[in-house]
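**Student:** Let me give you the structure first, and then I'll get to my questions.
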Amino acid sequence: MPVYLDHAATTPILPEALAAFTDAMATVGNPSSIHSAGQRAKMLLEDGRARVAASLDAEPVEVVFTSGGTESINLAIKGLYWARQQDRPRPRIVVAAGEHHATVDTVDWLERHDGAVVDVVPLDALGRVDLAGLEARLASADDVALVTFLWANNEVGTIQPVTAITALAHAAGVPVHADAVAAYGQVPVSFRESGLDALSVSAHKIGGPVGIGALVLGRTATVEPLIHGGGQQRQVRSGTQDAPAAIAFGVAAAAPHVSVRALRDRLVAGVLDAVPSAELRGDPVDRLPGNAHFTFPGCEGDSLLFLLDAAGVAVSTGSACQAGVPEASHVLLAMGLSEEQARGALRITLGQTSTDADVDAFLAALPDAVARAGAAGMASREPLLGR
């Protein structure tokens, strides 16, 4: 069987979550209906909500189910932005560099369509948010709508100083949203202790089903909804709620999650031993326990990915390739790497099903992949005509 080391993209659904999901699919009833069939569906829905809330140290009423992490992030950023324009214009959105494209594209849309002004806070060489830079951008906060940042970077795994960021923003009277999609299930995520106003998570990153996520929204936080009609979930997100997905999400959220840190550390040591030129990126200590991110000098990340895939090992580059043009990771560029360095990236992420045998297989396949990718060299940056 192929070796799967791309758990940051999605991780296999847990058997107990799958069982809960399939059992609940046989339940007939709309959770908003007041008859007994509807109330049975509502019990499943609210059981799932309570379990997700408990896993995030939040109250059930604060959990708003969405179609996934992307919708949750859109609802948080657009919703907070629009709500903050009600009494006076506040066009500025303060966002950390190197964010996930769910955030980058959302603030870009607001900039193009709604007059938002995007103010980017730099990252340091390890991928950490520059707190002094954030404080400077909040010195005059009258026109700031919100601050948004990743709890932990989805590419290089660096964990951010969440409470420090939130404290700086709140001292300036500005609400804060964190994208915790990558962090959830990897490290403890406490909504209560963080002080955040809004927090985004997704089920399929923790062993739940694809197609459901959540926005945790504090009781005093106000957002304008993206979807109207029905007024469900505090009128924040209308629509018939997916009770089977919710209970499966809740089961996954409540399941014990085994740490893969020791296995990850063995993988990191093995890579540096097998390929001494490889460079570990991200914070070496304050990083997600399942994340190992390297750059390989002289190698194209996409070449490494395809060669490893041919050897039966699935990993990720953490970068995009659009219209035939290899693109460097915007995260690595924000950390100060050159474009050529950034294009040699490989992200290896472990999860609940990862084993020593998986790591051994990856380490066995890596040297040949690096040698062949290095011999091929860096790809041309010219677009491929006619494709």
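**Student:** Looking at (1) out of contact with any Lys or Arg (no Cβ under 9 Å at 6 or more places or on another chain); (2) surrounded by fewer than 23 Cβ atoms within 10 Å (Cβ to Cβ); (3) assigned to a helix (DSSP H, G or I), which is the only condition V61 fails?
**Tutor:** Only one criterion in (1) out of contact with any Lys or Arg (no Cβ under 9 Å at 6 or more places or on another chain); (2) surrounded by fewer than 23 Cβ atoms within 10 Å (Cβ to Cβ); (3) assigned to a helix (DSSP H, G or I) is unmet by V61, namely (1).
**Student:** Hey, among L80, L45, L5, which residue is of a type in the set (A, V, I, L, M, F, W, C), under 19 Å from V251 (Cβ atoms) and within 26 Å of the chain's Cα centre (by Cα)?
**Tutor:** L45
**Student:** Just to verify a result, which residue in the stretch 284-299, among those that are assigned to a loop (DSSP other than H, G, I, E, B) and in contact with a strand residue (DSSP E or B) (Cβ under 6 Å, 6 or more places away or on another chain), is most open to solvent (accessible area, probe 1.4 Å)?
**Tutor:** D286
**Student:** Pick from the stretch 159-170 the residues that are of a type in the set (S, T, N, Q) and open to solvent by 10 Å² or more (accessible area, probe 1.4 Å): which of them is nearest to S194 (Cα to Cα)?
**Tutor:** T163
**Student:** A further question follows. Can you confirm whether L346 is at pLDDT 95 or above, aliphatic (A, V, I, L, M) and open to solvent by less than 10 Å² (accessible area, probe 1.4 Å)? Working first, answer last.
**Tutor:** Details: at pLDDT 95 or above: yes; aliphatic (A, V, I, L, M): yes; open to solvent by less than 10 Å² (accessible area, probe 1.4 Å): yes.
Considered against the rule, which asks whether it is at pLDDT 95 or above, aliphatic (A, V, I, L, M) and open to solvent by less than 10 Å² (accessible area, probe 1.4 Å), L346 comes out as yes.
**Student:** If you scan the stretch 253-267, which residues turn out to be assigned to a helix (DSSP H, G or I), open to solvent by less than 20 Å² (accessible area, probe 1.4 Å) and out of contact with any Pro (no Cβ under 8 Å at 6 or more places or on another chain)?
**Tutor:** The answer is A253, L267.
**Student:** Within the stretch 318-331, does at least one residue satisfy the condition of being closer than 17 Å to A8 by Cα, modelled with pLDDT of 95 or more, assigned to a helix (DSSP H, G or I) and not hydroxyl-bearing (S, T, Y)?
**Tutor:** yes
**Student:** In the stretch 171-193, how many are open to solvent by less than 10 Å² (accessible area, probe 1.4 Å) and of a type in the set (S, T, Y)?
**Tutor:** 0
**Student:** OK, next. Would you please list the contacts, defined by Cβ atoms under 7 Å and residues six or more apart or on different chains, that run from a residue in the stretch 347-367 that is over 18 Å from V258 (Cα atoms) and touching a residue at least 12 places away in the same chain (Cβ under 8 Å) to a residue that is of a type in the set (S, T, N, Q) and open to solvent by 10 Å² or more (accessible area, probe 1.4 Å)?
**Tutor:** Pairs found: R347/S316.
**Student:** Hey, can you tell me all the residues within the stretch 140-167 that are in a helix (DSSP H, G or I) and in contact with a strand residue (DSSP E or B) (Cβ under 8 Å, 6 or more places away or on another chain)? Outline the logic, then answer.
**Tutor:** If we filter the stretch 140-167 for residues that are in a helix (DSSP H, G or I), which is where we start, we get 162-167.
Hits for the stretch 140-167 are V162, I165, T166.
**Student:** Name the single residue, out of those in the stretch 268-277 being crowded, with 16+ Cβ neighbours inside 10 Å and in contact (Cβ under 8 Å) with a residue 60 or more places away in the chain, that is nearest to V315 (Cα to Cα). Give the steps one after another, and end with the answer.
**Tutor:** Taking the stretch 268-277 first, the residues crowded, with 16+ Cβ neighbours inside 10 Å are 268, 270-271, 275.
Retained after the next criterion (residues that are in contact (Cβ under 8 Å) with a residue 60 or more places away in the chain): 270-271, 275.
On the way: G270: 16, V271: 14, V275: 17 Å.
For the stretch 268-277, the residue satisfying everything is V271.
**Student:** Let me ask something else. Would you say A357 is more than 18 Å from the chain's Cα centre (by Cα), part of a helix (DSSP H, G or I) and of a type outside the set (S, T, N, Q)?
**Tutor:** Spelling it out, A357 is indeed more than 18 Å from the chain's Cα centre (by Cα), part of a helix (DSSP H, G or I) and of a type outside the set (S, T, N, Q).
**Student:** Okay, next question. Which ones in the stretch 133-158 are surrounded by fewer than 23 Cβ atoms within 10 Å (Cβ to Cβ) and touching an Asp or Glu at 6+ places or on another chain (Cβ under 7 Å)?
**Tutor:** Within the stretch 133-158, R137 is the sole residue that qualifies.
**Student:** If you check A364 against the conditions, is it among the small types (G, A, S), open to solvent by 70 Å² or more (accessible area, probe 1.4 Å), at pLDDT 95 or above and assigned to a helix (DSSP H, G or I)?
**Tutor:** yes
**Student:** Any idea which of (1) free of Cβ contacts under 8 Å to residues at least 60 places away in the same chain; (2) under 20 Å from the mean Cα position of the chain (by Cα) is the one D286 doesn't satisfy?
**Tutor:** (1)
**Student:** Another one. Against the definition (under 30 Å from A245 (Cα atoms), out of contact with any strand residue (DSSP E or B) (no Cβ under 7 Å at 6 or more places or on another chain), at pLDDT below 95 and open to solvent by 40 Å² or more (accessible area, probe 1.4 Å)), how does R40 come out, yes or no?
**Tutor:** So R40 fits the description; yes.
**Student:** Mind listing whichever residues of the stretch 186-223 are of a type outside the set (V, I, T), under 24 Å from P31 (Cβ atoms) and part of a loop (DSSP other than H, G, I, E, B)?
**Tutor:** Residues of the stretch 186-223 that are of a type outside the set (V, I, T), as a first pass: 186, 188, 190-200, 202-205, 207-209, 211, 213-215, 217-219, 221.
Within this subset, residues satisfying the condition of being under 24 Å from P31 (Cβ atoms) are 191, 198-200, 202-204, 207-209, 211, 213-215, 217-219, 221.
Of everything in the stretch 186-223, those that are of a type outside the set (V, I, T), under 24 Å from P31 (Cβ atoms) and part of a loop (DSSP other than H, G, I, E, B) turn out to be G207, G208, P209, G211, G218, R219, A221.
**Student:** Okay, next question. Check off (1) under 20 Å from L215 (Cβ atoms); (2) outside any loop (DSSP other than H, G, I, E, B) for E99 and give me the number that stays unchecked.
**Tutor:** Going through (1) under 20 Å from L215 (Cβ atoms); (2) outside any loop (DSSP other than H, G, I, E, B) one by one, E99 breaks only (2).
**Student:** For the structure I just gave you, tell me whether R84 is open to solvent by 10 Å² or more (accessible area, probe 1.4 Å), touching a Lys or Arg at 6+ places or on another chain (Cβ under 7 Å) and more than 30 Å from V268 (Cβ to Cβ). Lay out the reasoning, then the answer.
**Tutor:** Details: open to solvent by 10 Å² or more (accessible area, probe 1.4 Å): yes; touching a Lys or Arg at 6+ places or on another chain (Cβ under 7 Å): yes; more than 30 Å from V268 (Cβ to Cβ): yes.
In short, yes.
The values are calculated or read from the model by the stated rules, or taken from the named source; none is laboratory data. Because the structure is a prediction, the values reported are computed rather than measured. Ideal geometry is used to build each Cβ from the backbone, glycine not excepted, and the neighbour counts take in all protein chains shown. Each accessible area value is taken on the protein alone, full model and side chains, heavy atoms only, with ligands, DNA and RNA left out. Shrake-Rupley method; radii C 1.70, N 1.55, O 1.52, S 1.80 Å.
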